[in-house]
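A short worksheet on the structure shown next.
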Amino acid sequence: MSGIDAARGLALLGMMATHVFPTFESNAQLTPTWTGLVFSGRASALFAVLAGIGLALSTGKEQPLHGPALWAARRGIALRALVIGAVGLSLGGLEVNIAIILVHYAVLFLCVLPFLGLDVKHLLVLAAGWVLVSPAVAFLLRPWLLTAEPPLQLGHNPLWEDLATPAVLLGDLFLTGYYPVLQWITYLLIGLAIGRLALTSASVPVLLLAVGSAVAVLAKWLSVVMMEDWGGRAALQATLLDPSYPLESLLQVNLAGVDQTGSAWWLATSAPHSGTTLDLLHTSGVAAAVVGVFLLVGRLVQGPGLDVLLPLRGAGAMTLSFYTAHLCVMASLHGRPLPSGWTVEGVYWGQAVAILVLGGIFAALSWRGPLEWVAHAANQLGRYQPARVR
């Protein structure tokens, strides 16, 4: 589905922007940049919601698979997740100031396997419960994990070596790391529910755009009311040892790495990467609205003639390969000044243009990316069902 792949391409470009451009100005107040305000938290959430949509499309669309076909699909997705996880663990050793999502992504695939047979109504009920309960559970468990000896937090991207300390690795992946799987399951459940809708109909994209926008705006509005009008931000600021700590800026851009313990007011924020109910609702709403927009655009441009979405959907169909290449490029530049004549803008747009051009070429030729080919082969291997002898 071209609109879905194009939205995935946008998510990739948005995540790359947060990796290349600063999300805060280099001043004492850490003033948020345009990149931080627009893409932080939203691009990665869109990526995760689209993962759920992709799983739904590959397991029956509106009519979920059941019986042997469902179990075969689960095996295929599990093997595909192992490939993605292996790539993520291999990239974890790169010297790069980027939180690599691939291992978390793989674990998320494994966690939603039991839910692949559910229809849209049950998925929506489950997602609603998850978005309400999981942040509170994480808030209660996180302090216990952080005070353990040693703390169940890696402080770095997952590596192969971390498999030797499974408790620390699992604690980080599910609760104390950059992309806490416990809360992020919400995104895949919502994506699964969206993927079970009749996406080819004329009304569903409009519904996604309208409902997603409304949820995103209401979640952000409610958080602002609680933080500013009801005194939440002042209460959180008072708990900090440093009164000059730029909490206001962090609440706008990124709470990852902030020790969100000691006050229940942390649960009232909608800050990107806070993993709260309002953060999950806001970013999921944005993701649903973006999907709706791209489905509408895909309908408008379909048919003979120039495919304006070709480069973007080509990039979206090769996110594993392009994301890996992007990380390698950023690692080669990490910790050293840019070569003479290079700019940060050039680093980003050079990669973005290369991805769009190569993605368009691969899409036009109906080729898979190299890592996509490996993941697809693993998926097909898992789905293989020997013919029964009668």
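Taken together, the values in this text are just the output of simple stated rules run on the coordinates, not laboratory data. Because the structure is a prediction, the values reported are computed rather than measured. As a convention, Cβ positions derive from the backbone with ideal geometry for all residues, glycine included, and neighbour counts pool all protein chains shown.
General observations
- Computed from Cα positions, the angle between helix 102-111 and the longest principal axis of the chain comes to roughly 70 degrees.
- Calculation over all alpha carbon pairs of region 63-113 in 5 angstrom steps from 0 returns a P(r) of 5, 21, 22, 18, 13, 9, 6, 4, 2, 0 percent.
- The chain - Rg over Rh from alpha carbon coordinates, Kirkwood radius: 0.96
- Extension gain for ALA164-LEU110 works out to 17.4 nm (0.36 nm per residue, less the C-alpha to C-alpha distance).
- Chymotrypsin sites (Phe, Trp or Tyr not before Pro) within region 170-276: DSSP coil, no more than 13 neighbouring Cβ in 10 Å: TRP230
- The stretch between LEU70 and LEU222, if pulled fully straight at 0.36 nm per residue, gains 50.7 nm over its current Cα-Cα span.
- Region 1-54: Cα Rg divided by the 2.2 N^0.38 Å rule of thumb: 1.31
- Relative contact order of region 50-118, pairs being alpha-carbon contacts under 8 Å that are 6 or more residues apart, as %: 41
- The chain, relative contact order [Cα under 8 Å, separation at least 6], %: 28
- Cα-based Rg and Dmax for region 21-78, where Dmax is the largest Cα-Cα distance (Å): 19.3, 59
- Between TRP349 and TRP34, full extension at 0.36 nm per residue minus the direct alpha carbon distance yields a gain of 111.8 nm.
- Simple point charges give the picture: +1 on the Cβ of Lys and Arg, -1 on the Cβ of Asp and Glu, and for the chain a dipole about the Cα centre of about 1500 debye.
- Listed by Cβ neighbour count within 10 Å, with the fewest neighbours leading, ILE361, ILE355 appear as ILE361, ILE355.
- Space enclosed by the convex hull of the alpha-carbon atoms of region 59-214, per residue, Å³: 140
- A Förster radius of 51 Å, combined with the Cβ-Cβ distance separating GLU149 from HIS334, puts the computed FRET efficiency at roughly 0.95.
- Loop sites here are GluC sites (Glu not before Pro) outside DSSP states H, G, I, E and B with no more than 16 other Cβ atoms within 10 Å. The longest part of the chain free of them is 96-390.
- Separation of the ALA235 and ASN97 label points, Cα + 7 Å toward Cβ, nm: 3.4
- Largest GNM mean-square fluctuation among ALA238, ALA354, ALA73, using the chain with Cα springs under 10 Å: ALA238.
- Placing unit charges on the Cβ atoms of the charged side chains and taking the dipole of the chain about its Cα centre, the candidate lying farthest along the positive direction among ILE101, HIS19, ILE190 is ILE190.
- Ranking of VAL225, VAL107 by count of other Cβ atoms within 10 Å, fewest first: VAL225, VAL107
- Over region 320-390: Rg over Rh, Cα atoms, Kirkwood Rh: 1.24
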